[in-house]
Amino acid sequence: MVGYSQKTIYALRAIFELALRCSEDPVSIAVLAKAQTIPPRFLENILLQLKQAGIVKSVRGKAGGYQLARAAEAITVGDVLRAAEGQLSPISCLTENSQDNCPMHGDCVFLPMWHRAQTAVLSVYDGTTYKDLLAQRERMLQQAYVPNFSI
């Protein structure tokens, strides 16, 4: 499986932080960067890219910053991955115009398998919203705190 760049991991974490704070005022880059340990200059470029993709919106002014452009249940991990990475394919053969670069195009026994793998992975990414991730975090926090009343 193809790994994702650090930029993409930062994008996923930044959107998660904004989802955590969705009921609050806009969040500054400094606050986001500190909360998710992301270099601020790097985060600024990531947020601009996410803004162009319609995932975040910016608010100008003294109390400005960034907010989710849509509700957490309307943003999937797949949305953020595509905004940060572009097309999501486990292998270049599945990208647009790949037949131009592949000498085995049309006669590749692996292509159907790669299509199935891509479909499976994308169904997970596109089926996981940031609301789902917030709920998962809540379950993890509840499991981490199990009171012990024994003496």
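Relative to the first principal axis of the alpha-carbon coordinates of the chain, what is the inclination of helix 6-20, with its axis defined by its Cα atoms, in degrees from 0 to 90 and to the nearest 10? Approximately 40 degrees, to the nearest 10. Remark on residue 69: its backbone amide H falls under 5 Å from those of 56, 57, a criterion applied only to residues 5 or more positions apart or on other chains, H modelled at 1.01 Å from N. For the peptides 14-20, 39-45, residues were scored by their other Cβ atoms within 10 Å and the scores averaged per peptide; the highest-first order is 14-20, 39-45. Applying 1/(1 + (r/R0)^6) with r as the Cβ-Cβ distance of residue 135 and residue 45 and R0 = 30 angstrom yields a FRET efficiency of 0.50. Packing around the peptides 130-142, 69-81, taken as the average count of other Cβ atoms within 10 Å per residue, puts them in this order, highest first: 69-81, 130-142. Extending 7 Å from the Cα toward the beta-carbon at both residue 117 and residue 94 defines two label points whose distance is 0.8 nm.
Read the figures in this text as sums done on the coordinates, not as results from a lab. Keep in mind that what you see is a predicted model, and the values were worked out from it rather than measured. Cβ sites come from the backbone with ideal geometry, for glycine too, and all protein chains shown count toward neighbours.
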